[in-house]
1. Which peptide among 74-81, 48-55, 90-97 comes first, and what is the full order, when sorted by highest mean count of other Cβ atoms within 10 Å?
2. Cross-link candidates for residue 79: which lysines have Cα within less than 24 Å, leaving aside residues fewer than 8 places away along the same chain?
3. Hey, can you rank 100-112, 142-154 by average C-beta count inside 10 Å, highest first?
4. So for the pair residue 154, residue 119, with labels modelled 7 Å out along Cα→Cβ, what separation do we get in nm?
5. Starting from the Cα of residue 31, step 7 Å along the direction of its Cβ; do the same at residue 129; then give the gap between the two resulting points in nm.
6. Considering only C-alpha atoms, what is the centroid distance from the range 28-43 to the range 106-128, in Å?
7. Among the aspartates and glutamates, which have Cα under 19 Å from the Cα of residue 158 when same-chain residues fewer than 8 positions away are ignored?
8. Per-residue HN-Hα couplings for the range 105-112, Karplus 6.51 cos²θ - 1.76 cosθ + 1.60 at θ = phi - 60°, whole Hz, x for Gly and Pro?
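Computed from the coordinates by the stated procedures, all read-outs in this text should not be read as laboratory data. None of the values given here were measured: they were computed from a predicted structure. Neighbour counts run over all protein chains shown; Cβ positions are idealised from the backbone, glycine included.
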Amino acid sequence: MKRLIFLALSLLSLSTPMSHAADTPLTYDRINLGAAAQGKAANDLLVAVLFQRSEGPQAEPLAADVNKAIAAAVEQARKVAEVSVQTLNYQTQPTYQNQKVNGWSVQQSIRLESRSPEKLGRLIGELQKTLKVESVSYEISPESLHATQDRLISEALKAFQLRAERITQDLGRKRYRLVNLDVNTAGSAPPPAFRMAPRAMVAETASPALEAGEQTVTVTVQGTIELQAD
């Protein structure tokens, strides 16, 4: 009886891989290929980050000073049409001297953005009276980026199709079928931000000189085709 059971198990172990292999479809003549499309998109969104920082022996009065300055800046920014404002990081950190806490540093930032660089530029110049400028940079607005990507997706897919047809013909096949396809739109890098000089080195009411420029947007397509004999 034990011998019969052992024999049955042995036959099962031998037949299982064969059955699994039979269930797995065989694939031949598969080719991986890719294509890409690039285009220019205008930087149409100006973004600025400004901050206020205070240092001293007690954290509470420092926080009050920073809150007051940021609240005033937000109120001033909201009065300018076509400029949106958002408060950012609020930080309270100890300062050290000889490895001992000797005071506190409180800082908060605001983010301004606008499609009207003239208005935002003037506002930045005014806010420099009380705040420090961390960075100013141009970006592509989400709407413009998506529109550019949609156009490039069509171009990249067309290039992929032409390449697949060329490979099929050169290898003497009549047609192909698409096995899988990946479309990647993460091909645009943000432009470098303009770093402002310390406020003491810049005229308080001066607006930064800015040039929007363009960015290169790239869409890539990667896929697999299977050549068909007929």
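1. Working: 74-81: 13.2, 48-55: 20.1, 90-97: 11.5.
Answer by packing, highest mean first, reads 48-55, 74-81, 90-97.
2. 68, 119, 129, 132
3. Values: 100-112: 16.9, 142-154: 15.3.
Per-residue Cβ counts within 10 Å, averaged per peptide and sorted highest first, yield 100-112, 142-154.
4. 3.2 nm
5. About 6.9 nm, to one decimal.
6. First find each Cα centre; the distance between them is then 38 Å.
7. Correct list for residue 158: 150, 170, 182, 226.
8. Each residue of the range 105-112 in turn: 10, 10, 9, 9, 10, 10, 10, 10 Hz.
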